[in-house]
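Working notes for the structure below.
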Amino acid sequence: MRYAVLVTGPAGAGKSTFSNALITHLHTSKRTGHLVNLDPAAAPDSFEYEPTIDIKDLISLQDVMDELEYGPNGGLVYCFEYLMQNMDWLEEELGGYEDDYLIIDCPGQIELYTHHPFLPSLVKHLNRLGLRVCALYLVESQFMEDKYKFFSGVLSAMSAMINLETPWINIMSKMDLVTVNPDDPAGGRNGIRAKKDIASRYLDPDPLLLAITHGGSGKPQAEVRNPRFHALNQAIVQLIEDHPLVSFLPLDLTQPDSIETVLSHIDYTMQYGEDEEPKEPKDLDEGDFPDVRET
């Protein structure tokens, strides 16, 4: 059985960094993981591990922009259209991997997950090839600084979940930027401060955050809003309450336990190892240990 993990999310959410960290963790755990790059615009130096499968071997965004004079967004759409027309290339590239984790690093253009049919078609094709597929959607913790940006991320995650129709895990990345001590000037980075009780309302999105704001002490304060947006905010609150599909796992790449927690959720989602046959222990008498000599 083969397993594919689609790492998705907006640009800057930490997809490539997470992919590299997950492969490192798999190797540390004596498991096999391979990086698959599906970003035709990715720079070669952005990978800690060289991709075993790279869409740039088929088509690159720079070539499309140079030859067809497309812009970045139109060029990216063209690259994925070309990939969909040449799925036999991907099928051939995937043929040599068995019982392995394939970590598929996807582009950061959000419309690929919410509007276009490319990734849903890719998921269906992977399923036809016998791969168990799970998708991760990363949103960075800086979104918690602006609750309106945060709920925009929640709605985009919900839209992508519905569009891809595959087992799904939402992740709040870069949680090392969040500190629980607002009085510690050295804690966290980029000025992000959040108490545990407030952070929990973001990890399990509380729609009422649209109605209140928090000061530095964490106490609710009145907020003056344009009344024209009241009906819109109420509709968003009602939508999230009626369809509570989105919750987030916190991810702190500086803590191995955090990566292990995310990996355990991925394993459970894809039922990793459920169909594996037990492996026979190596036999010293049968020569399975050639380097061991009798003393």
Of the criteria (1) open to solvent by less than 20 Å² (accessible area, probe 1.4 Å); (2) part of a loop (DSSP other than H, G, I, E, B); (3) of a type outside the set (A, V, I, L, M, F, W, C), which one Q109 fails: (1)
Tell me, which residue of segment 209-222 that is of a type outside the set (V, I, T) and surrounded by 11 or more Cβ atoms within 10 Å (Cβ to Cβ) is modelled with the highest pLDDT? L209
With respect to the numbered conditions (1) surrounded by 16 or more Cβ atoms within 10 Å (Cβ to Cβ); (2) touching a Leu at 6+ places or on another chain (Cβ under 9 Å), which one is the sole condition not fulfilled by N37? (2)
Screening Y148, Y137, Y82, Y70 for residues that are open to solvent by less than 40 Å² (accessible area, probe 1.4 Å) and of a type in the set (S, T, Y) leaves only Y137
Go through (1) under 21 Å from T269 (Cα atoms); (2) in contact (Cβ under 8 Å) with a residue 24 or more places away in the chain; (3) more than 13 Å from the chain's Cα centre (by Cα) and name the single condition D39 misses. (1)
Taking only pairs six or more apart or across chains, which ones have beta-carbon atoms under 9 Å, a first residue in segment 151-165 that is closer than 14 Å to A235 by Cβ and not assigned by TED's automatic domain parsing to the domain that holds L136, and a second residue that is open to solvent by 10 Å² or more (accessible area, probe 1.4 Å) and at pLDDT below 90? none
Consider L203 carefully, then state whether it is farther than 25 Å from H115 by Cβ, open to solvent by 50 Å² or more (accessible area, probe 1.4 Å), of a type in the set (A, V, I, L, M, F, W, C) and modelled with pLDDT of 80 or more. no
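Conditions (1) over 23 Å from M1 (Cα atoms); (2) over 21 Å from the mean Cα position of the chain (by Cα), marked per residue:
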| position | (1), (2) |
| --- | --- |
| P117 | yes, no |
| L129 | no, yes |
| R132 | no, no |
| E140 | yes, no |
Some residue of segment 230-251 being closer than 20 Å to G33 by Cα, under 14 Å from the mean Cα position of the chain (by Cα) and either in contact (Cβ under 8 Å) with a residue 60 or more places away in the chain or assigned to a helix (DSSP H, G or I) (or both): yes
Among the residues of segment 44-59, are any surrounded by 20 or more Cβ atoms within 10 Å (Cβ to Cβ), part of a helix (DSSP H, G or I) and out of contact with any His (no Cβ under 6 Å at 6 or more places or on another chain)? yes
Do we have H27 as assigned to a strand (DSSP E or B) and in the same structural domain as Q142 (by TED's automatic domain parsing) here? no
Residue satisfying condition, being hydrophobic (A, V, I, L, M, F, W, C) and assigned to a strand (DSSP E or B), within set L102, L90: L102
Residue tally, condition touching a strand residue (DSSP E or B) at 6+ places or on another chain (Cβ under 8 Å) and either open to solvent by less than 20 Å² (accessible area, probe 1.4 Å) or touching a residue at least 60 places away in the same chain (Cβ under 8 Å) (or both), over segment 18-33: 9
Of all residues in segment 1-17 being more than 14 Å from I266 (Cα to Cα) and among the aliphatic types (A, V, I, L, M), which is least open to solvent (accessible area, probe 1.4 Å)? A13
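The values are calculated or read from the model by the stated rules, or taken from the named source; none is laboratory data. Please read all numbers here as calculations on a predicted model, not as lab measurements. Glycine gets a Cβ as well: all are built from the backbone with ideal geometry, and neighbour counts include every protein chain shown. Each accessible area value is taken on the protein alone, full model and side chains, heavy atoms only, with ligands, DNA and RNA left out. Shrake-Rupley method; radii C 1.70, N 1.55, O 1.52, S 1.80 Å.
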